[in-house]
Every structure is written in structure tokens, then in C-alpha cells.
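The values are calculated or read from the model by the stated rules, or taken from the named source; none is laboratory data. Here the structure is a predicted model, which means the values were calculated and not measured. Methodologically, a virtual Cβ is constructed for each residue, glycine included, from the backbone with ideal geometry; neighbour enumeration extends over all protein chains shown. Surface accessibility is based on the protein's heavy atoms, side chains included, excluding ligands, DNA and RNA. Shrake-Rupley method; radii C 1.70, N 1.55, O 1.52, S 1.80 Å.
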Amino acid sequence: MRQYESLGRAYTFAATELSIVHQRLSATHEESDWTQEVADAEEAISREHTMWRASRGAA
């Protein structure tokens, strides 16, 4: 049960973080700002993927 609670919190955090990035992307008009927002989204996804793999013992 703890594993599912932990996973739920991690997914909630990732979803919130991606929602914030989405809002910022919607308001971004400069290419350099857009590039940074995309990098932030990729970092959030990468971090969540790394945590997911670690929770399953994957290398």
C-alpha cells in the first residue's frame, strides 16, 4: 500500500509540474523562453521515468 501511495504522490507531483509548464508554454512567445520550458518539461518527465524504473528495479 505504501508503494502505491508513494507512486501516487510522485505522479501527482509530475502532473502538477507538467501543468505549470503547459501554462507557461501557452503564454510564451519568445523562442528562447519556449526552448527553456520544453527543457523543463523533459526534465520533469525524465525524473519521473527514472523514479519509475528505480521502483521496479530496472537498470
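Mind checking which pairs have a first residue in segment 2-27 that is in contact (Cβ under 8 Å) with a residue 24 or more places away in the chain and a second that is open to solvent by 60 Å² or more (accessible area, probe 1.4 Å) and of a type in the set (Val, Ile, Thr), Cβ under 8 Å, 6 or more apart or different chains? Here the result reads Ala14/Ile45; Leu18/Ile45, each pair linking segment 2-27 to a residue that is open to solvent by 60 Å² or more (accessible area, probe 1.4 Å) and of a type in the set (Val, Ile, Thr). Among the conditions (1) in contact (Cβ under 8 Å) with a residue 40 or more places away in the chain; (2) open to solvent by 80 Å² or more (accessible area, probe 1.4 Å), the only one that Ser55 does not satisfy is (2). Considering only segment 3-47, how many residues are open to solvent by 60 Å² or more (accessible area, probe 1.4 Å), in contact with a Ser or Thr (Cβ under 8 Å, 6 or more places away or on another chain) and at pLDDT 85 or above? Of the residues in segment 3-47, 1 are open to solvent by 60 Å² or more (accessible area, probe 1.4 Å), in contact with a Ser or Thr (Cβ under 8 Å, 6 or more places away or on another chain) and at pLDDT 85 or above.
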